[in-house]
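Asks: Got a structure here, written out as C-alpha cells. Questions coming.
Bear in mind these aren't lab numbers, they're just calculated from the coordinates by the rules spelled out. This is a predicted model, so every value here is computed, not measured. We place every Cβ from the backbone using ideal geometry, glycine too, and count neighbours over all the protein chains shown.
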Amino acid sequence: MKIAIITGASSGLGVEFTKTIIEQYPKLDEIWVIARRKDRLKNLAKHNPDKKIRTIALDLGVDEEYRKLEILLADVKPQISILINNAGYECSGNFRDMSTSDIQNMLSVNVKGLTMVQRICSPYFAKKFY
Ligand SMILES: NC(=O)c1ccc[n+]([C@@H]2O[C@H](COP(=O)([O-])OP(=O)(O)OC[C@H]3O[C@@H](n4cnc5c(N)ncnc54)[C@H](OP(=O)(O)O)[C@@H]3O)[C@@H](O)[C@H]2O)c1
C-alpha cells in the first residue's frame, strides 16, 4: 500500500500540501494527515470523500506520541511515497521576552518532533517513488 504522510495538515501550508498531493498523485492508496486538532483533519477528509484519508491526532511536541505513529506503521506496513514533515510553529515576539517553556516546546516540535518523524518513517520509504 502506497501512502503520503503530511504532518501539520490541520492548517496553513499543510492543508495546501495535502490538497496538492490529492490532486497530483491520484494513485496513492491512502493519505495520512497528522496534527493535534483532529476536528480539522476530519474536515479535510470530509471535503475529499473520494480519497482514503487517515486522520491521526498526535502532539509532536510530546515524546510518547511518536510511539503511536511507530506502532501504526509497524501494524499497517505501508510504503511511504511522500513525507511532508511540515508540523511546527514559532513563538512570536522578542526572543528575550519568551518563556523558557515556550522556547523548549518550540524546539520539541520543530527539531525533535520533525527529526523523530523522519526517523520513524524512514524504514518504510518506498524504493520506487510512485
Ligand atoms: N508560513 C510561513 O511563512 C513559514 C515560514 C517559515 C517556516 N514555516 C514553517 O512551515 C510550517 C507550516 O507553517 P504554516 O504557516 O502553515 O503554519 P500553521 O498554519 O500554524 O500550521 C502549523 C501546523 O503545524 C501543526 N502543529 C503545530 N504544533 C504541533 C504539535 N505540537 N504537534 C502536531 N502538530 C503541530 C498545527 O496543527 P495543530 O495545531 O492542529 O496541532 C498546524 O497544522 C511550520 O513548521 C512553520 O514553522 C512557515
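Asks: My understanding is that a pair violates if its Cα-Cα distance is over 26 Å; which of K52/K127; K19/K128; K46/K127; K42/K127; K38/K77; K2/K68 do that in this structure?
Replies: K46/K127; K42/K127
Asks: Would you grab the residues whose amide H sits under 5 Å from the one on R54? Only those 5+ places off in sequence or on another chain, please, with H modelled 1.01 Å from N.
Replies: The list, which skips near neighbours in sequence, is I31, W32, V33.
Asks: Could you go through segment 6-22 in sequence order and give the Karplus-derived ³J(HN,Hα) for each residue, using 6.51 cos²θ - 1.76 cosθ + 1.60 with θ = phi - 60°, rounded to whole Hz, and x for Gly and Pro?
Replies: 10, 8, x, 8, 8, 7, x, 4, x, 5, 5, 4, 5, 4, 5, 5, 4
Asks: Go ahead and run the numbers for FRET between K38 and Y89, Cβ-Cβ distance against an R0 of 25 Å, rounding to 0.05.
Replies: 0.90
Asks: Can you list the chymotrypsin sites (Phe, Trp or Tyr not before Pro) in segment 1-103 that are in a DSSP coil and have 14 or fewer other beta carbons within 10 angstrom?
Replies: Qualifying residues, ordered by number: Y89.
Asks: Shifting gears a bit: Between Q79 and K46, what is the FRET efficiency for a Förster distance of 35 Å, r being their Cβ-Cβ separation, to the nearest 0.05?
Replies: The computed FRET efficiency comes out at 0.85.
Asks: Specify which residue in the list C91, V76, V33 is farthest towards the positive end of the charge dipole of the chain, using unit charges on the beta carbon of Lys, Arg (+1) and Asp, Glu (-1), about the Cα centre.
Replies: V76
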